[in-house]
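The values are calculated or read from the model by the stated rules, or taken from the named source; none is laboratory data. Just so it is clear, the structure is predicted and the values come from calculations on it, not from any experiment. When we count neighbours, we look across all protein chains shown, and the Cβ atoms used for this are built from the backbone with ideal geometry, even at glycine.
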């Protein structure tokens, strides 16, 4: 199972790592694009032809996680002329996003609702969802394939427990929006909290993402490394890693 980082910026694009949340997970011929943050679609096309995608998963409605779904829609509707492409999303999301396409998605997408504790199989990968501590309705995703497990926290505050959801994962891809000393919201994690949570979950590896654009990635990695108790990786855009 392989992870490609398409974007790592939280809330809005940063000057250096400019794309917002987006991740490509592949196993065999299965390719799933998880979250379509602004700028991530351009990076995705450097790694895969969109025609070869198996499905898209949107974890919640915030623009830094969904903005580029519109670009994919235009390509698939008018370029590729695809029909019924699977898009997994929380209940109500197609309607919420539909205003910008005049509530006319056509038959391009086959919208499929995800829910808490739901397990689905997409090609060679198995996905399980868990509601997180983040408004609005937001889901973390466990991805299993090739005997490996990856957890993507999406957005969450500290009241949600990655260890309860999926202990001893091979990789936790965790949001780490703020430095702990300058945390602006309890609906997100600091790098310190991300490290503590992954350590309590006995994760083999921790990779942090979704940094507030004015947070220095080196500072966040150092903070998370101290609380995790082992080296922490940063989700640099276009990074490709085996899980």
Query raised in the report: Say we look at the range 92-104 and pick out the residues that are in contact with a helix residue (DSSP H, G or I) (Cβ under 8 Å, 6 or more places away or on another chain) and modelled with pLDDT under 95; which of these is surrounded by the fewest Cβ atoms within 10 Å (Cβ to Cβ)?
Result: 104
**Report entry** Complete set of residues in the range 170-193 that are surrounded by 18 or more Cβ atoms within 10 Å (Cβ to Cβ) and assigned to a loop (DSSP other than H, G, I, E, B)
**Finding:** 176, 177, 179, 188, 189
Report task. For residue 127, indicate whether it is touching a strand residue (DSSP E or B) at 6+ places or on another chain (Cβ under 7 Å) and crowded, with 21+ Cβ neighbours inside 10 Å. Result -> yes
Report task. Return yes or no: is residue 111 part of a loop (DSSP other than H, G, I, E, B) and surrounded by 13 or more Cβ atoms within 10 Å (Cβ to Cβ)? Result -> no
Query raised in the report: Restricting attention to the range 1-58, which residues are crowded, with 20+ Cβ neighbours inside 10 Å, assigned to a strand (DSSP E or B) and over 16 Å from the mean Cα position of the chain (by Cα)?
Result: 27
Report task. Read through the list (1) loosely packed, with under 13 Cβ neighbours inside 10 Å; (2) free of Cβ contacts under 8 Å to residues at least 12 places away in the same chain; (3) within 22 Å of residue 142 (Cα to Cα), then give the number of the only condition that residue 118 fails. Result -> (1)
Report summary line: Going through (1) outside any strand (DSSP E or B); (2) in contact (Cβ under 8 Å) with a residue 12 or more places away in the chain one by one, residue 74 fails only at (2)
Requested in this report: Considering each residue of the range 208-224, count those that are closer than 11 Å to residue 194 by Cα and touching a residue at least 40 places away in the same chain (Cβ under 8 Å), and give that number.
Outcome: 4
**Report entry** Cβ-Cβ under 8 Å pairs, at least 6 apart or on other chains, the range 148-169 side on the phi > 0 side of the Ramachandran plot and surrounded by 20 or more Cβ atoms within 10 Å (Cβ to Cβ), far side modelled with pLDDT under 95 and assigned to a helix (DSSP H, G or I)
**Finding:** none
**Report entry** Hits in the range 42-64 - residues which are within 17 Å of residue 88 (Cβ to Cβ) and either without any contact (Cβ under 8 Å) to a residue 24 or more places away in the chain or out of contact with any helix residue (DSSP H, G or I) (no Cβ under 9 Å at 6 or more places or on another chain) (or both)
**Finding:** 54, 55, 57, 62
